[in-house]
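A.B. asks: Pasting a structure here, questions to come.
The values are calculated or read from the model by the stated rules, or taken from the named source; none is laboratory data. Not measured: the values here are computed from a predicted model. All Cβ positions, glycine included, derive from the backbone under ideal geometry; neighbour counts span all protein chains shown. Areas reflect the complete protein model, heavy atoms only, side chains present, ligands, DNA and RNA absent. Shrake-Rupley method; radii C 1.70, N 1.55, O 1.52, S 1.80 Å.
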Amino acid sequence: MAEDKFTAIIVGAGPAGSTAAYMLAREGIDVLLIERGETPGSKNMFGGRMYSYVLHRIIPEFWEEAPLERQVSREVITMLDGEKSASISCQNENWAKPPYHSFTLLRAEFDAWLAAQAEDAGAMLACGIRVDDVIMEGNRIIGIRAGEDEILADVVIAADGANSIISEKAGLRSKLSPADLATGVKQVIELPAKTIEERFNLQPGTGVAHLYAGTCTRGMPGGGFLYTNKSSISLGLVIKASELQKNQHLLVDLVEDFKSQPSIAPLISGGEVVEYSAHLVPEGGISMAPRLFSDGILVTGDAAGFCINLGYMVRGMDLAIASGEAAARSVMEAVKKDDFSANSLGIYKDLLAKNGVWPVMETYHRAPQLLDTRRLYSNYPALLNNLLVEMFTIDGTPPVNLMDKLKQQVKNSNTSFINLIGDAWKGGRSL
Amino acid sequence: MFKISLNIIACFKWVVDHEDIKVNPETNELVLDRAGYRISDYDRFAIEEAVALSEQYGGSTTAVTVGFPAAKKSLKDALARGPEKAIFINDPAFANLEPSQTAAILAQSINNQEFDLIICGEGSGDLYAQQVGPRLAEHLNIPCASFVRKITIEGRELIAERRVDEGIEIISMPLPALVTVLPEINSPRVPGLKDTLAASKKPVVEITGSDLEETVPCLETVEIKATTMERNCEKFDANEDDLKRFVEVLLRAGVID
Amino acid sequence: MAGVWVFAENYEHGLELLQIGRSLADKTGVELTAFACGDKEVGQQYIYYGAHQVFILPPLAEDQPLETYVPAIAEVARQEDPDIFLFAATLRGKEIAARVAARLNTGLCSECIELDIKDNKLEMKRVLYGGAALQTIICKTRPQMATIPVHTFTSVTDLDNTRQGIIKEFDPISSTPVKVRDRQPRAQESGDITRSRVLVCVGRGVEKEEDLKLARELAEILGGDLACTRPIAEELHWMPQETYIGLSGQTVKPELYIGLGISGQIQHTTGIRDSRIICTINKDEDAPIFKISDYGIVGDLYKVVPFLSQELARLKKK
Ligand SMILES: Cc1cc2nc3c(=O)[nH]c(=O)nc-3n(C[C@H](O)[C@H](O)[C@H](O)COP(=O)(O)OP(=O)(O)OC[C@H]3O[C@@H](n4cnc5c(N)ncnc54)[C@H](O)[C@@H]3O)c2cc1C
Ligand SMILES: Cc1cc2nc3c(=O)[nH]c(=O)nc-3n(C[C@H](O)[C@H](O)[C@H](O)COP(=O)(O)OP(=O)(O)OC[C@H]3O[C@@H](n4cnc5c(N)ncnc54)[C@H](O)[C@@H]3O)c2cc1C
Ligand SMILES: Nc1ncnc2c1ncn2[C@@H]1O[C@H](COP(=O)(O)O)[C@@H](O)[C@H]1O
């Protein structure tokens, strides 16, 4: 039987779990961090960029120590339409100065580093262990079960990612449906640092975040991304899981398609694919969020649905870290009161509101509906590209003024001005 | 079965995970700076055998490694596999030892320990020199059997089934002794959560380079280059036409008649 | 007598070492010495094949293992101080070499696959990291020692029955506390895959032991032998130990290697490096084995192999 007991058991050594473990251990609270991968990060992937502000708050100037790739100094959004593409690019050198705005990174190294910070602070880290279930006493969670072993705790923090079995077993949410999820695929392609800097016009150390909408998803809701690392490129697609199922497209084919786009192929040519992975993205927004706490349990990060998917961009690392921070602070309060009931842990909600996670989730709460607006993935990229291509093409045919061109293109793109204005309104409110 | 009580030492090495080894295509040099490390695969069998024997006959097991500071990470993993304690012989200078040095360092560190049996892997995952075990036996002046696939203890005698080129040789030798074991000897257990938790409470004795006499390498590395294997790399599908074409290619290459 | 020394537990491997030993001795202008284990006749042959000097180790008592020779070999090497000392890398040869090297406080290059003299020093190459890298080393202490995998070099052919050499016999050797209780020869004579012209090699992609017959059939039609990856021999025990290829198994050099259901881990492929043509069948088109194959078939071996066997059998009849 269970003779070991901890104040807190954290399931999952991703950014949410390791942050919570780090903060609790730093306070001298005995915490066990359990990760199913052989090492933290070995099973994790993401697009490629983390916003810095939250981690800087917890570990000031973490960039001095953490394994990071490049500071992002340029953002580009590209609308793809077959052989045509149109981009908006924005560069800000201040983004590449301390406190850096965002970094590209590779999860295997970053997650291992963050977990090591927790371990060094005194957390007990157990890797290669999969938690199978929670132990309940009445409605209260009193520990976890991994294989034959049972370990007790005052509080369990579910930080086990998008497909959280802990929150499911704890009865905080029902099984996820494909409608609440997107599937992400990603490849890491190796290229010499110098080649990357030349092709993307970068300084050593600085990088670019490149997002794509349009034909790369064959009209399915989602988008593509490309991030520059030190000597590799992370690229991939995020596509609504239910659509992928319905259309029976093979992810491999879609990625190969994406890579062969004329505006992408030259950027990666000669590179070797060294990694290929797929992962789920929660995308139901706050409507799919589970109950965030109950007696003896808190839910953080992707497990709580704290992830924003805008189709062309996924953002979850900073929210995972911030929610891990809020969870840790809630546990600290609970320790003081020696009360781990739902009532006591409820402070979590307030802390999330204060530290920015909840406001962000609310601001973007309409994003899921916007994402379902199919025109975003085919009609509009086509419209924009046709408009620009016509504008730039001089072939001796009589000129048409811009408004007439737009009207013509809107007509060609099987949409209407009403739709266009409606979607723009939706977009403005959701983003 | 009556208890004999054996003090067993299992030697393991913390080695670079070969799947993480990258090659710089311009220089053909290896890029190891981002590689992960793990307990050498073969040494898991050594640890398991030590633990299994001490469970069977009574006694205790000590896991020993010579390494550089980062190898500290290996101790929890090793101890989760069952040994009661670990000895970490640690020095930044121990990153790239050659077998003669490793054996000498192990010998110095083990010399004042009480032991009945030392178990090594057949070879380390990185160097795979298959030297440290037999060299260590010579330093300690104890009998040795290598490539062992089965061990039994009869009183103060160890009976080993070892592989030789013609088949199997069954030998007996008095304890204390050293064996190197083959993977077929056992199937290492997978540590559970409790094993991992217990591991962090087990004692670790640390010995540093300054506690030992200095060793000088006999071998000097001139260079290390990635191996390349340039091949045709032509792919065929599994349809009839492709397979017939495949057979034709073999015919033309003159490798079948 | 200094010079180049060679030790092999059996005659055949001794001839291979004489070949490489001879060339090293000639390059440095020194003499060549060989050990013969308990057999004067073998010693005499070694001289006919070019050894200048032969040490005849005394026959061992029935219950003594080959390693009993270690102190005597180390002692004579200490007295005569050879420049180079090579051992055949049989299982026992590897242990003996390591223990002799420890006694002589010298370096040993394990499983050396290439040797040359550069600036009067022996330059040796061996694989590292399971086969991912090739290391070049020199030995700064004396003697410069190496173990040589069997069949790395061809045997000497230059037999001259009139050659004269020095034959030295050892005093009887005191026995060690290690006793051989029993010897069990290999259960089945599995043939020597290192000499096969065609090899069909099976991996974990083969699901059941009885499915080996698919591979065996293909091997028979091609006039070749069956080999396997380590898990097939070590974990599943479907095939004898001597038939697995790779770093810790055999190194093979067939004209044709056909791999069935093999992923292509470096520890395996390092053993097929010198094959003339490498063909593989794997259903996973991203399997690493395709990167080192001349001709790769992406497909299910259960469909592909019967078809190939049939097609080849049909051609054969013609
Ligand atoms: C394709 C893709 C692109 C993305 N791009 C970005 C981006 O560019 N920027 C950004 O900020 N975010 C991005 N995200 C989102 C981001 O990856 C997640 O929001 C973030 O990783 C969530 O962190 P987490 O700690 O909650 O969960 P995770 O990172 O998923 O970590 C969960 C951990 O729990 C472990 N675990 C799971 N179950 C168990 C169990 N039963 N027992 C023990 N351990 C368990 C897992 O192994 C894992 O280590 C992307 C996601 C995807 C899929
Ligand atoms: C230090 C060390 C030394 C080692 N030494 C050796 C050695 O000497 N020799 C050796 O072989 N290994 C050795 N190994 C083990 C080696 O790392 C691999 O584990 C082993 O070679 C894998 O064997 P495999 O390819 O048969 O199996 P797997 O890696 O399991 O590959 C099976 C393959 O079969 C394919 N497949 C499955 N079903 C089918 C089907 N129906 N049709 C077609 N294809 C199919 C799969 O796609 C897969 O690629 C060593 C390991 C270590 C650590
Ligand atoms: N650094 C080390 N620390 C402890 N044991 C080692 C070390 N290196 C090698 N060994 C042991 O010696 C065996 C043979 O190693 P090697 O001679 O390097 O092939 C290994 O399987 C280990 O059991």
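A.B. asks: Sequence gap at least 6, Cα distance under 8 Å: using those rules, report the relative contact order of chain A to the nearest whole percent. Before the final figure, lay out each step's value.
C.D. replies: Values: 952 pairs, mean separation 84.6, N = 431.
Relative contact order of chain A: 20 percent.
A.B. asks: If I fit a long axis through the Cα atoms of helix B:240-253 and take the longest principal axis of the Cα atoms of chain B, what angle between them do I get, 0 to 90°, rounded to 10?
C.D. replies: The two axes meet at around 80 degrees.
A.B. asks: Express the Stokes-Einstein translational diffusion coefficient of region B:80-151 in µm² s⁻¹, to the nearest whole number, given a Kirkwood radius over alpha-carbon pairs, 10 °C and a viscosity of 1.306 mPa s.
C.D. replies: Roughly 118 µm²/s, to the nearest whole number.
A.B. asks: Further question: Taking the Cβ-Cβ separation of C:Ala313 and A:His249 as r and a Förster radius of 45 Å, what is the calculated FRET efficiency to the nearest 0.05? Let's see the in-between values first.
C.D. replies: On the way: r = 41 Å, r/R0 = 0.92.
Once the sixth-power term is evaluated, E becomes 0.60.
A.B. asks: How large is ³J(HN,Hα), in whole Hz, for each residue of region B:83-94 in order, when computed from phi with the Karplus curve 6.51 cos²θ - 1.76 cosθ + 1.60 and θ = phi - 60°, using x for Gly and Pro?
C.D. replies: My calculation for region B:83-94 gives x, 7, 8, 10, 10, 10, 9, 10, 7, x, 6, 8 Hz in order.
A.B. asks: Now for a different question. Can you give me the angle between helix C:70-80 and the longest principal axis of chain C, using Cα atoms only, in degrees from 0 to 90, rounded to the nearest 10?
C.D. replies: So the helix axis and the longest Cα principal axis differ by about 50 degrees.
A.B. asks: Quick one: net charge around C:Lys168, please, counting Lys, Arg +1 and Asp, Glu -1 for every other residue with C-beta under 12 Å from its C-beta. Spell out each step's value before the answer.
C.D. replies: Working: positive: C:Lys40; negative: C:Glu80, C:Glu169, C:Asp171.
In short, -2.
A.B. asks: Now, a different point. In percent, what relative contact order does region C:4-169 have, based on Cα pairs under 8 Å that are 6 or more apart in sequence?
C.D. replies: Computed over region C:4-169, the figure is 30 percent.
A.B. asks: Counting Lys and Arg as +1 and Asp and Glu as -1, each charge on the Cβ, what is the dipole of chain A about the Cα centre in debye, to the nearest 20?
C.D. replies: 1660 debye
A.B. asks: While we're here: Plugging the Kirkwood radius over Cα pairs into Stokes-Einstein for region B:6-211, at a temperature of 4 °C and a viscosity of 1.567 mPa s, what D comes out in µm²/s?
C.D. replies: Rounded to a whole number, D works out at 75 µm²/s.
A.B. asks: Using a 1.4 Å probe, how large is the accessible area of B:Cys218, given in Å² and rounded to the nearest 10?
C.D. replies: Per-residue accessible area (B:Cys218): approximately 10 Å².
A.B. asks: Which pairs break 22 Å Cα to Cα here: B:Lys150/B:Lys202; C:Lys94/C:Lys125; C:Lys27/C:Lys125; A:Lys84/A:Lys407; A:Lys43/B:Lys73? Please report the intermediate quantities before stating the final value.
C.D. replies: Working: B:Lys150/B:Lys202 28 Å; C:Lys94/C:Lys125 16 Å; C:Lys27/C:Lys125 18 Å; A:Lys84/A:Lys407 20 Å; A:Lys43/B:Lys73 19 Å.
Over 22 Å apart, Cα to Cα: B:Lys150/B:Lys202.
A.B. asks: Residue by residue through region C:2-17, what is 3J(HN,Hα) from phi via Karplus (6.51 cos²θ - 1.76 cosθ + 1.60, θ = phi - 60°)? Round to whole Hz and write x for glycine and proline.
C.D. replies: Once θ is set to phi - 60°, the couplings for region C:2-17 become 5, x, 9, 10, 9, 9, 9, 6, 10, 4, 4, 5, x, 5, 5, 5 Hz.
A.B. asks: Report, ordered by chain and residue number, the aspartates and glutamates lying within cross-link reach of C:Lys283, taken as a straight Cα distance under 12 Å and ignoring same-chain residues fewer than 8 apart.
C.D. replies: Candidates past the 8-residue exclusion: B:Asp237, C:Asp300.
A.B. asks: Follow-up. Below 8 Å, C-alpha to C-alpha, sequence gap of six or more: please give me the relative contact order for region B:21-85 in percent.
C.D. replies: Values: 45 pairs, mean separation 19.8, N = 65.
Relative CO of region B:21-85 lands at 31 percent.
A.B. asks: While we're on this one: Averaged over its residues, how many other protein chain Cβ atoms are within 10 Å of peptide B:94-107's Cβ atoms?
C.D. replies: For peptide B:94-107, the averaged partner shielding equals 2.
A.B. asks: Related question: Give the dimensionless ratio obtained when the Cα radius of gyration of the protein assembly as shown is divided by 2.2 N^0.38 Å.
C.D. replies: Rounded to two decimals, the normalised Rg is 1.08.
A.B. asks: Can you put A:Lys186, A:Lys354, C:Lys27, A:Lys349 in order of accessible area, largest first, using a 1.4 Å probe?
C.D. replies: Reading off the accessible areas and sorting them downward yields A:Lys354, C:Lys27, A:Lys349, A:Lys186.
A.B. asks: Which whole number gives the average, over all residues in C:217-224, of C-beta atoms from other chains lying within 10 Å of the residue C-beta?
C.D. replies: Values: counts 0, 0, 0, 0, 1, 4, 2, 2.
Mean partner-chain Cβ count within 10 Å for C:217-224: 1.
A.B. asks: On to the next question. Round to the nearest 10 and report in Å² the accessible area of B:Ser60, as given by a 1.4 Å probe over the protein chains' heavy atoms.
C.D. replies: Approximately 40 Å² of B:Ser60 is accessible to the 1.4 Å probe.
A.B. asks: Against the longest principal axis of chain B, how steep is helix B:99-110, in degrees 0 to 90 to the nearest 10, with axes from Cα atoms?
C.D. replies: That works out to roughly 20 degrees.
A.B. asks: With a Förster radius of 22 Å, plug the Cβ-Cβ distance of B:Thr221 and B:Val23 into 1/(1 + (r/R0)^6) and report the FRET value to the nearest 0.05.
C.D. replies: 0.80
A.B. asks: Give me the net charge of A:Thr393's neighbourhood, meaning all other residues with Cβ under 14 Å from the Cβ of A:Thr393; Lys, Arg count +1, Asp, Glu -1.
C.D. replies: -1
A.B. asks: Please identify the DSSP H helices in chain A that span no less than 18 Å along the helix axis (Cα) and have a mean Kyte-Doolittle hydropathy of -0.5 or more. All intermediate terms of the calculation are to be shown ahead of the outcome.
C.D. replies: Working: long enough: A:107-120 (19 Å, -0.52); A:317-337 (30 Å, 0.31); A:379-392 (20 Å, 0.64); A:417-430 (19 Å, -0.06).
Taking the DSSP H segments of chain A (at least 18 Å long, mean hydropathy at least -0.5), we get A:317-337, A:379-392, A:417-430.
A.B. asks: How do A:Tyr377, C:Tyr49 rank by accessible surface area computed with a 1.4 Å probe, from largest to smallest? Please list the in-between numbers first.
C.D. replies: On the way: A:Tyr377 10, C:Tyr49 30 Å².
Descending accessible area places them as C:Tyr49, A:Tyr377.
A.B. asks: What are the residues whose amide H is under 5 Å from the amide H of B:Thr180, where those residues sit 5 or more places off or on another chain and H is modelled from the backbone?
C.D. replies: B:Cys120, B:Ala145, B:Ser146, B:Phe147, B:Val148
A.B. asks: Which distance in nm do the two modelled labels at A:Lys405 and A:Asp338 give, with both placed 7 Å along the Cα-to-Cβ direction?
C.D. replies: Modelled inter-label distance: 7.5 nm.
A.B. asks: Quote to one decimal, in nm, the extra length available between C:Asp284 and C:Thr28 on full extension: 0.36 nm per residue of separation minus the C-alpha distance between them.
C.D. replies: Residue separation times 0.36 nm, minus the Cα-Cα distance, leaves 87.0 nm.
A.B. asks: Quick check for me: using +1 on Lys/Arg Cβ and -1 on Asp/Glu Cβ, what's the dipole size of chain C about its Cα centre, in debye to the nearest 20? Let's see the in-between values first.
C.D. replies: On the way: 37 positive and 45 negative charges, 98 e Å.
The calculation lands at about 480 debye.
A.B. asks: In addition: Below 28 Å, Cα to Cα, which lysines can A:Lys349 reach? Residues fewer than 8 away in the same chain don't count.
C.D. replies: A:Lys5, A:Lys169, A:Lys175, A:Lys336, A:Lys337, A:Lys426
A.B. asks: Amide H of C:Ile167: which non-local residues (sequence gap of 5 or more, or other chain) have their own amide H closer than 5 Å, using H built in the peptide plane?
C.D. replies: C:Val54
A.B. asks: With the crude spin-label approximation of a point 7 Å out along Cα→Cβ, what separation in nm comes out for B:Leu212 versus B:Met229?
C.D. replies: Going by the 7 Å Cα→Cβ label model, 3.5 nm.
A.B. asks: While we're on this one: Using R₀ = 56 Å, calculate the FRET efficiency as 1/(1 + (r/R₀)^6) where r is the Cβ-Cβ separation of C:Lys140 and B:Ser60; round to 0.05.
C.D. replies: 0.90
A.B. asks: Follow-up. Rank these residues by their accessible area, most exposed first, probe 1.4 Å: A:Met136, A:Met23.
C.D. replies: Details: A:Met136 85, A:Met23 5 Å².
The most accessible residue leads, giving A:Met136, A:Met23.
A.B. asks: At a probe size of 1.4 Å, how large is the accessible area of C:Asp116, to the nearest 10 Å²?
C.D. replies: Solvent-accessible area, nearest 10 Å²: 50 Å².
A.B. asks: Name the long-range amide H neighbours of B:Phe236: under 5 Å, sequence gap of 5 or more, or other chain; modelled H, no Pro or chain starts.
C.D. replies: Close amide H contacts, sequence-distant or interchain: C:Gly296, C:Ile297, C:Val298.
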